[in-house]
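The values are calculated or read from the model by the stated rules, or taken from the named source; none is laboratory data. Just so it is clear, the model here is predicted, and its values are computed rather than measured. Virtual Cβ from ideal backbone geometry, glycine too; neighbours counted across all protein chains shown. What goes into the accessible areas is simple: the full protein's heavy atoms, side chains included, and nothing from ligands, DNA or RNA. Shrake-Rupley method; radii C 1.70, N 1.55, O 1.52, S 1.80 Å.
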Amino acid sequence: MSSPVPALTSHFADAFPELSAPSRAWQTPEPRLLHLNAALAAELGLDEDWLRSADGVRFLTGEAPGPDARPVAQGYAGHQFGGYSPRLGDGRALLLGELTAPVGGAAPAPGLPALRDLHLKGSGLTPFSRQGSDGLAAVGPMLRELVVSEALHALGIPTTRALAVVATGRTVRRQRPLPGAVLARVADSHLRVGTFQYAAALVEGGHAPEDLVPRLVAESLARHHADRVDADVPALALLEAVVAAQADLTARWMLVGFVHGVMNTDNVTISGQSIDFGPCAFLDAFDPRAVFSSIDRQGRYAYGAQPQIALWNLNRLAETLLPHLATEPNDAVAAATAALEGFAPAFDATWQSGLAAKLGVPRTEASDDVAARLLGLLAEARADWTASWTDLADVVPGPSPTPGTSAGLPDSAGVRAWREDWLALAPDPERMRAANPRHIPRNRPLQEALDAAEDGDIAPVERILAAVRDPFTPRPDATDLAVPSGADEGGFVTFCGT
Ligand code: AMP
Ligand code: MG
């Protein structure tokens, strides 16, 4: 019988020793599986029953990763709130290794199996840990990453995913003592803009061979943008692909009212998957300036600022690639500029067609206009983003609007005039119901569920998970995720997941 221990390759560790620091996960005093993502386990071909066993849980905490695993902490740099940190890296995380996925994941390049990173968060100190940090994570933030990433996945948005959350039995000291946890997450890779920044700086400082960045480019193309592996200028093909992927991702986030909250360059993937859910939140009242994170005092990562900050981050990626875009510096800058100019049209394509789908109409100039006017009305009324859209889906094609939730658009003259113009486009309610989620992980119920989990009751988190995994179906047990608790949840604050 074959061993149930999943075989982990050490592809990244072998290919990029310059970016890898061998490290081990800490022992877990009293591991207790809080959640296993059975659907993801099945997708990866992993044995669910075994993962739930004592040995399986020790695999998930990284204590028993199997004989062939060579866990490493990955190096990366990053601009955090605009300030550059030359050495961040996995200070409390580990790449256990790669799983060879039978299905899913990006289409692999010829000769390379579809690899998926199995990565831990909260597994102890590593060579990249900063002084005074503890290498640990708490139950609440790790369950938060689980819930939010499952919600994004169910909404069809590219994202890293949580395979399991295991309570460690260790106390983590934050403002108050908290129960500790390890998150096992799966990603198409953990290559980040910050990985390129770190690699470029290593080469610049003479600490790594000249070919490091080109090798990273080749790896990135092979794993994530395989249709471009044979490009004449691989670095340019990669830049264009990442620009397109991040533009699409940002627009998709915004269509569901998602605010990432900490779009530092180390939290931007080359794959185009969402990653590192710290102080993220879903909009309630529509307001382009909406900020939830306690540390984002300037609104740098506000809801409506996300496209411009994504582009700023992509500019930082472009800088690391300049020497590989052309032999003449001026030509390299021109090529980078042209690639970055692809952001706005790529963002608009997803954003406008997404808004048209939410309105239940094909995208046309008229639909763009109707969408723009609706955004103005939503902002003016501070109407709830999610409930306003599902209200619209529910009242179509009624001639006089039935009252929706109190959180939606008001019944004003302006709204009535807009509604007539929209109805003239003959919206399709089925299309709307497929494009407008009923349930999002709303801030207050999610926080209450995380608090309960901290006190040992996981049931409220399971209820929210079930609802957000099936976001388009109305559920009587999840009305608190469909409409805000008050008229407006304004003032809700999220904290970094440390
Ligand atoms: P994040 O805010 O999770 O994107 O992390 C930013 C950087 O801080 C990364 O280098 C992390 O590894 C590091 N970091 C965050 N929390 C901890 C912690 N508790 N212990 C050690 N390093 C941490
Ligand atoms: Mg991060």
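Assorted remarks:
- For the stretch 11-190, the carbon plus sulfur part of the accessible surface works out to 52%, probe radius 1.4 Å.
- In the chain, the longest principal axis of the Cα atoms and the axis of helix 365-381 are about 90 degrees apart.
- Residues whose amide H comes within less than 5 Å of that of His79, counting only those at least five positions distant or on another chain, are Ser85, Thr265, Asp266 (H built at 1.01 Å from N in the peptide plane).
- Multiplying the residue separation of Asp14 and Asp47 by 0.36 nm and subtracting their alpha-carbon distance yields 9.2 nm.
- 14 Å cut-off, amide nitrogen to a point 7 angstrom out along Ala344 Cα→Cβ, residues in the stretch 358-377: none
- Efficiency of FRET between Ser294 and Ser353 - r from beta-carbon atoms, R0 35 angstrom, step 0.05: 0.50
- Between Thr364 and Gln175, the contour length at 0.36 nm per residue exceeds the alpha carbon distance by 62.9 nm.
- Each peptide in 73-83, 159-169, 189-199 receives the mean, over its residues, of other Cβ atoms within 10 Å, and ordering these scores from highest gives 189-199, 159-169, 73-83.
- When Rg and the Kirkwood radius Rh are both evaluated on Cα atoms of the stretch 11-190, their ratio Rg/Rh stands at 0.95.
- A simple spin-label model places pseudo-atoms 7 Å from Cα toward Cβ; at Asp457 and Ala417 they are separated by 5.0 nm.
- Table column - 3J(HN,Hα) (Hz), the stretch 468-484, Karplus curve with 6.51, -1.76, 1.60, x for Gly and Pro: 6, 7, 9, x, 9, 9, x, 9, x, 8, 9, 5, 5, 9, 8, 10, x
- Between helix 234-255 and the chain: long-axis angle, C-alpha atoms, 0 to 90°, nearest 10: 40
- Principal-axis tilt of helix 139-154 within the chain, Cα atoms, nearest 10 degrees: 60
- Extension gain for Trp312-His207 works out to 35.1 nm (0.36 nm per residue, less the C-alpha to C-alpha distance).
- In the chain, the DSSP-assigned H stretches of four residues or longer account for a calculated mean residue ellipticity at 222 nm of -12500 deg cm²/dmol, using -39500 (n - 2.57) per stretch and the full residue count as denominator.
- Distance between the pseudo-spin-label points of Glu380 and Asp232 (7 Å out from Cα toward the beta carbon): 5.2 nm.
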